[in-house]
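Working notes, structure below.
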Amino acid sequence: MKGGLKMSRFRDLTGRRFDRLKVVERAGTYTAPDGISKQPIWLCQCSCGNISYVTTRNLLSGATKSCGCLRKEHCSRL
């Protein structure tokens, strides 16, 4: 600890782009059902114009790439 304050592992993703999503701002904190695991939730704007809320884990892992429009486009091609 530095100066009596707890050091945070918080990563500011504001302004970063993850595939079709651009992070606009932090929107809150997700708390897992176990009540222990917590992570930031981000308000993201998709390239199609829709807004979605995504956790840090899903952005960094690539699990969420769009608001859902990517899946719709893929399914419509089949």
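Numbers below:
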quantity	calculated
Tally of residues being open to solvent by less than 40 Å² (accessible area, probe 1.4 Å), assigned to a strand (DSSP E or B) and of a type in the set (A, V, I, L, M, F, W, C) across the stretch 42-78	5
Filtered residue count, the stretch 22-33, keeping only those that are of a type in the set (A, V, I, L, M), touching a Cys at 6+ places or on another chain (Cβ under 7 Å) and more than 14 Å from residue 57 (Cα to Cα)	1
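The values are calculated or read from the model by the stated rules, or taken from the named source; none is laboratory data. The structure displayed is predicted, hence computed values, not measured ones. Ideal geometry is used to build each Cβ from the backbone, glycine not excepted, and the neighbour counts take in all protein chains shown. Areas reflect the complete protein model, heavy atoms only, side chains present, ligands, DNA and RNA absent. Shrake-Rupley method; radii C 1.70, N 1.55, O 1.52, S 1.80 Å.
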